[in-house]
Amino acid sequence: MPVPKFSSGLVLGIPSGAAPLDASSSSPIGHYKHLANGAWNLLVYVRRHLNAPPVVARTYEAARTRHLDQLAGMCLLGVIEAFERYFKEVAAVCVDALGQRVMDDRLDVLEAKPSAVPQHFAARSFGSALCESLNWSSSALVNERFRRILADEDNAIWEEFPFPSPKQKPVARRRFHAPLQMVWQLRHVLVHNAGVISPSDAVKLRVLADEAVDGARRLRPTKNEVYQVKLLLDEAVVVVNSAVRDRLQVVLDGVCTKTPTVTPALHEVQRLASAFDLPFTVLGVSAAP
């Protein structure tokens, strides 16, 4: 039987058929909710219909189970990718708010490669141009970058960590550390190994889970496990979104007190309130989302 030939034109034309972004994309946290809910709803929708009695009666259980297992892994990855994208977008908001108001090296932490930046100049903002090209797939990267971007007006690093380890502050957010370490490692397995747990992955997962994990196996997350990851990331986004908003307000207050001519106008404050989906205030100028 001859091997079917691919259509180069159809492959190359895939990007031109892309759909417009949802209205929620103007807000990092709103965009996260849209993408994460979409990934979860896909799993719920397909499971409900594939497990309906008429479908069960005319399909094989083994094949149905295999496809649902694969879909659960895809949806788990979709939720995690929405989480990572949130940090790119909210970092861009912070960079846009501070980039032309400070004259220090805080943005050096973004370490964008010169070869990658030109392609991003079509982005809506300087912040997007810097942040979109970077990988944000670990708590360590998120901590390092936000603590430098949100340094105070004297360029002193933010003393808080978005996701602190057991010896870092604030204490209230330490509960996210261990489960997020697991989430980032699961992302690695899903993205780079198609869900296959390599021997080296097994070692890392064993340490993170503090229980036996065998290699040469494939991830098979259950519906409830995907839901638990989503609950974790939903809460983490809400908590960090509020913390970053609070810190950006403090930093802007300090910068604008020192240099009043760079104080943002009301429409800029309004844009920040809408981006965080929270009230925002700079030197007494307030706006609601």
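What number comes out for the charge environment of V46, summing +1 per Lys or Arg and -1 per Asp or Glu over other residues with Cβ under 15 Å away?
Numbers: positive: R47, R48, R64, R66, K223; negative: D69.
Spelling it out: positives minus negatives among the neighbours equals +4.
Take every Cα-Cα pair in the range 108-264 and report what % of them are more than 27 Å apart. It would help to have the intermediate numbers written out before the result.
Values: 4801 of 12246 pairs.
In whole percent, the long-distance tail amounts to 39.
Going highest first, how would you order 220-233, 9-22 by mean Cβ packing within 10 Å?
Packing order, densest peptide first, comes out as 220-233, 9-22.
What's log10 of I(q)/I(0) for the range 172-245 at q = 0.15 Å⁻¹, Debye sum over Cα points only, no solvent?
-0.57
For R218, what residues show an amide H to amide H distance below 5 Å, using hydrogens built from the backbone and excluding near sequence neighbours?
Residues meeting the criterion, in which the H sits 1.01 Å from N, are I197.
Over the chain, with every protein chain in place, what whole percent of the accessible area is carbon and sulfur at 1.4 Å, could you tell me?
59
Return the calculated 222 nm mean residue ellipticity for the chain, to the nearest 500 deg cm²/dmol, obtained by summing -39500 (n - 2.57) across DSSP H runs with n ≥ 4 and dividing by the residue count.
Taken over the chain, the calculation gives -19000 deg cm²/dmol.
Using only the Cα atoms of the range 1-147, what semi-axes does the equivalent ellipsoid have when each is the square root of 5 times a gyration tensor eigenvalue? Give whole Å, largest first.
Over the Cα atoms of the range 1-147, the semi-axes work out to 39, 21, 14 Å.
Which angle between 0 and 90 degrees, to the nearest 10, do you get for helix 266-276 versus the longest principal axis of the chain when only C-alpha atoms count?
The answer is roughly 30 degrees.
How far is helix 28-50 tilted, in degrees, relative to the longest principal axis of the Cα atoms in the chain, given as a value from 0 to 90 rounded to the nearest 10?
10
Using only Cα atoms, what is the ratio of the radius of gyration of the range 236-275 to 2.2 N^0.38 Å?
Here the answer is 1.27, to two decimals.
Taking the 0 to 90 degree range and rounding to the nearest ten, how far is the long axis of helix 139-149 tilted relative to the main principal axis of the chain, both from C-alpha atoms?
On a 0 to 90 degree scale, this one is about 20.
Please quote Rg/Rh for the chain to two decimal places, taking the Kirkwood radius as Rh and restricting both calculations to Cα atoms.
1.03
Could you work out the local net charge near R174, counting Lys and Arg as +1, Asp and Glu as -1, over the other residues with Cβ closer than 12 Å to its Cβ?
It works out to a net charge of +3.
Taking a 1.4 Å probe, which of F126, F161 shows the most accessible area, and what order do the others take after it?
Sorted descending by solvent-accessible area, the residues read F126, F161.
The values are calculated or read from the model by the stated rules, or taken from the named source; none is laboratory data. Small disclaimer: the values here were computed from a predicted structure and weren't measured. Methodologically, a virtual Cβ is constructed for each residue, glycine included, from the backbone with ideal geometry; neighbour enumeration extends over all protein chains shown. What goes into the accessible areas is simple: the full protein's heavy atoms, side chains included, and nothing from ligands, DNA or RNA. Shrake-Rupley method; radii C 1.70, N 1.55, O 1.52, S 1.80 Å.
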